[in-house]
Amino acid sequence: MTATEKPRPELFDVGGYRLERPFRVRRLGHIGLNCTLIDESIRCYRDLLGLRISDRLDFSRRVSDPAILAGLGDPGGYFMRHGTEHHSFVLFNRRVHAAINGQQILTGPVTINQISWQVGSLREVVDGEAWLRDTGNSVQRAGRDMPGSNWHTYFTDPDGHTNELFYGMEQVGWTGISKPLHFYKYLLRKTPTLPQISETEEVSTALASDVDLSEGLRDVPDEAGRFDVGGVLLSRPFKIVRIGPLRLFVTDVEAARDFYRNVLGLRVTEEIRYEGLRCVFLRAGTEHHAVALYPIELRERLHLSAHSTTFSVGMQVGTYRQLRDARTYLLGNGMTEVTLPPELFPGIPRAFRVRDPDGHLIELYDTMRQVYQQSPLDTATTGWPETIDDDEAFDGEPYLGPLE
């Protein structure tokens with residue numbers, strides 16, 4: 001090796017592909033928010049935006065004295081979905097979390113509860129946790145969540161936003177019923193050993209024990225469909241079809257970019273300057289960006305909520321017509337629109353933004369630009385080697401559920 005050559009980083013076998021880390025983020029899977037106005041927030045995200053509640057987690061069971069939570073509002077954590085995944089968006093009562101975990105959680109600027117990134121296998125979660133520890137990242141916890149059934153490992157970015165690698169999210173079928181409490185026996189608060197049994201085997205075991213699979217929660221619209229949305233009658237004139245991108249205010253753009261690029265493996269799509277301030281946009285697959293990083297100084301200039309580092313949570317609707325109708329519907333139901341300079345949002349040609357009850361922005365849009373690699377054509381693989389190099393192998397639509 002010459003003096004000018006850099007040592008090649010250790011490469012990991014991820015499903016037969018040689019990668020720089022033992023996992024590959026496929027997409028932004030779900031987002032959690034801590035809110036103080038829990039009842040109003042549920043109305044906003046469920047009744048106005050149309051997300052469905054798949055499960056409620058009662059945090060009052062985590063305190064020995066119920067008086068600790070007196071007067072703090074609903075102690076439930078609400079897992080919500082826009083499609084078949086058990087949850088793509090989660091709401092937690094910030095005051096309840098503060099009482100359970102410490103007052104600094106309420107007074108601090110981080111209102112993101114979690115930023116959850118899907119990987120393609122349980123092995124990637126487990127090997128990813130070990131790699132995170134080995135590379136100096138502080139892992140908060142690992143195991144398997146219930147409700148939702150997803151295997152996970154949690155860790156933080158430089159600004160204290162909790163990130164998660166997860167695999168195996170529960171899929172809610174045509175009945176709209178989530179898993180019953182019987183399956184909570186599979187909850188795990190430690191790193192799993194490998195291999196684990198499949199979800200199919202878990203369900204088969206439950207059926208053999210006469211477990212009623214219909215005992216889970218089913219949340220449906222309170223009113224009959226009256227809006228024609230692409231030929232189907234819905235209870236509102238639009239349908240959320242994707243969660244994300246997420247926009248964050250950060251204290252050090254360079255440090256945050258390095259975390260999301262070097263630790264998580266996201267790729268920088270674009271950087272812009274707005275009023276002399278640097279903003280960075282990173283992607284997981286071909287979408288222009290899954291997360292956008294803005295300097296904290298910009299928050300005051302844009303007159304956004306000073307209590308939170310959350311700039312906005314994105315939600316895509318199905319069509320341009322739905323986008324226009326969503327704006328009319330939401331403003332007609334009391335939500336407040338916030339107009340911001342369009343140059344802050346490259347990759348999204350059409351969008352509008354409204355405030356939720358806690359002051360977080362919700363960004364609704366109809367499409368995002370796609371980014372395609374300009375790689376040379378590969379020559380045919382010969383000899384079937386044990387592993388190959390292909391950085392684009394995991395781009396495109398990911399497989400959503402557990403492997404079986």
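With both residues required to sit in the range 248-404, DSSP beta bridges show an antiparallel share near 70%. What distance in nm lies between label points placed 7 Å from Cα along the C-beta direction at Ala67 and Leu302? It works out to 4.4 nm between the two label points. Amide H contacts for Glu20 (H built 1.01 Å from N in the peptide plane; partners 5 or more residues away or on another chain; cut-off under 5 Å): Phe12. Note on Thr310, Thr193, Thr36: ascending count of other Cβ atoms within 10 Å places them as Thr193, Thr36, Thr310, the fewest first.
For a quick check of your reading of the filter: which GluC sites (Glu not before Pro) in the range 251-293 sit in a DSSP loop and have no more than 12 other Cβ atoms within 10 Å? Present the calculation step by step, with values, prior to reporting the outcome.
On the way: sites: Glu254, Glu270, Glu271, Glu275, Glu287; in loops: Glu275.
Loop-located and lightly packed - Glu275.
Positive-end ranking of His30, Ser41, Ser54 along the dipole of the range 17-64, with charges on Cβ about the Cα centre, is headed by His30. Ellipticity at 222 nm from helices only: DSSP H runs of n ≥ 4 in the chain, each -39500 (n - 2.57), divided by the residue count, give -4000 deg cm²/dmol.
Taken about its Cα centre, the chain carries a charge dipole of roughly 840 debye when the Cβ of each Lys and Arg holds +1 and the Cβ of each Asp and Glu holds -1. Dipole size of the range 245-360 about its Cα centre, with +1 on Lys/Arg Cβ and -1 on Asp/Glu Cβ: approximately 340 debye, rounded to the nearest 20.
For the range 158-170, backbone phi angles converted through the Karplus equation (6.51, -1.76, 1.60; θ = phi - 60°) give residue-by-residue couplings of x, 9, x, 6, 6, 10, 9, 9, 9, 9, x, 4, 4 Hz, Gly and Pro being listed as x. Comparing Cα centroids, the range 123-170 and the range 213-273 end up 20 angstrom apart. So if a site counts as exposed when it's one of the chymotrypsin sites (Phe, Trp or Tyr not before Pro), its DSSP state isn't H, G, I, E or B, and it has at most 14 other Cβ atoms within 10 Å, what's the longest stretch of the chain without one? Within the chain, the longest run free of exposed chymotrypsin sites (Phe, Trp or Tyr not before Pro) spans 175-371.
Rounded to the nearest 5, what is the percent of antiparallel bridges among the DSSP beta bridges in the chain? Once the DSSP bridges in the chain are tallied, antiparallel ones form about 75 percent. Neighbour counts of other Cβ atoms within 10 Å put Lys179, Lys190 in the fewest-to-most order Lys190, Lys179. One entry in (1) 24.9, 85; (2) 21.7, 72; (3) 27.8, 93 is Rg and Dmax of the Cα atoms in Å calculated from the shown coordinates; its label is (2). For Asn163, the amide hydrogen comes within under 5 Å of the amide hydrogens of Ile115, Phe155, Thr156, Asp157, counting only partners 5 or more places away or on other chains and with H modelled in the peptide plane.
Each value in this text was obtained by applying a stated rule to the coordinates, not by laboratory testing. As the structure is a computational prediction, the values presented were derived from the model and not from experiment. Reconstructed Cβ throughout: ideal geometry from the backbone, glycine too, with neighbour counts over all protein chains shown.
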